[in-house]
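Input: a single structure, listed below in structure tokens.
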Amino acid sequence: MDDPDLKLLLGIIILIVLGVVGWTYRDQFFSEPEPEPIVTEPVAVEPEPDPGPKHPLPEPRTDETRTRELVPLPPLNDSDAYFLLEIGTTLGPVIESLLVREAVIDRLVTTTDNLPRKHVSEKIRPVGRLAQTFRPDTFDDVFTLGPANFSRYDDLVVQIAGADVDAIVDLYQRFYPLFQQSYERLGYPDAYFNDRLIEVIDHLLETPAPNEPIQLIRPNVLYEFADPGLESLSSGQKLLLRMGPANAATVKGVLIEFRSRLAARPDGGRR
């Protein structure tokens with residue numbers, strides 16, 4: 001099972017608005033063999049009138065001084081250095097340093113698109129690997145997810161909760177044409193990345209919150225959820241479970257706030 005651990009959530013947050021869904025803090029004993037990334041091929045059908053996006057991206061905040069300072073966006077294939085510079089300026093060097101150096105926007109878009117699926121391949125992750133040891137709670141040979149594991153996420157959840165939502169949304173709006181172009185060439189020429197982003201957020205908000213400690217099994221070297229229902233969840237939903245109920249609730253709250261800035265409905269309400 002993939003364990004993107006919390007920097008993915010910083011990912012999910014800082015690019016579930018930005019696309020910055022990263023795969024880091026991967027646990028040595030909590031992962032699965034990497035499948036190839038799923039890319040949907042466009043199907044040849046009769047073209048229909050484009051109804052437009054379900055969730056039109058809100059207009060950027062007007063700031064004449066800032067507007068005069070901005071230079072035109074580079075072509076997508078040449079955007080890495082400029083995008084990374086903007087990440088560092090807006091979110092700080094710590095966040096910028098997590099990202100890979102090549103095809104950053106393509107990796108962000110592909111990872112976001114695959115997050116509601118069973119697996120997300122490490123080959124497409126936009127964030128470099130950081131070592132972190134997975135520690136289940138053990139009692140009488142029963143493995144559970146508990147405080148020993150949840151505490152690893154605490155500091156990063158604090159960072160997520162304190163993220164500057166306005167700055168992240170502004171950055172996303174600024175680079176949205178490149179995100180959209182990347183999404184189209186991924187295999188969705190008639191769809192909108194912001195619509196997909198809202199779908200992914202809604203999917204994550206549907207993650208169950210078990211009342212009892214989550215038991216694990218270790219049929220081989222790797223851990224799995226003992227409950228088949230939990231084991232069948234998507235990679236993104238499993239991530240929320242692995243960080244613990246309190247941390248997951250905090251992250252969901254931030255996702256709801258992000259969604260309210262990007263969704264078409266004025267109240268940001270979920271469908």
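Taking 0.36 nm per residue of separation and subtracting the current Cα-Cα distance, fully stretching the chain between Glu102 and Val221 would add 39.6 nm.
Here the spin labels are modelled as points 7 Å beyond Cα on the Cα-Cβ line, and at Ser151 and Arg117 they lie 3.8 nm apart.
Relative to the compact-globule estimate of 2.2 N^0.38 Å, the Cα radius of gyration of the stretch 140-185 comes out at 1.96. Grab the beta carbon distance between Arg174 and Ala209, set R0 = 41 Å, and tell me the FRET efficiency rounded to 0.05. Once rounded, the FRET efficiency stands at 0.75. Quick one: if you stick a label point 7 Å off each Cα along the C-beta vector at Ser260 and Ala161, how many nm between them? Result for the modelled spin labels: 1.7 nm.
FYI, it's all coordinate maths here, none of it is from the lab. Every value quoted in this text rests on a predicted model; they were computed, and no experiment measured them. Note that each Cβ is placed from the backbone with ideal geometry, even for glycine, and that neighbours are counted across all protein chains shown.
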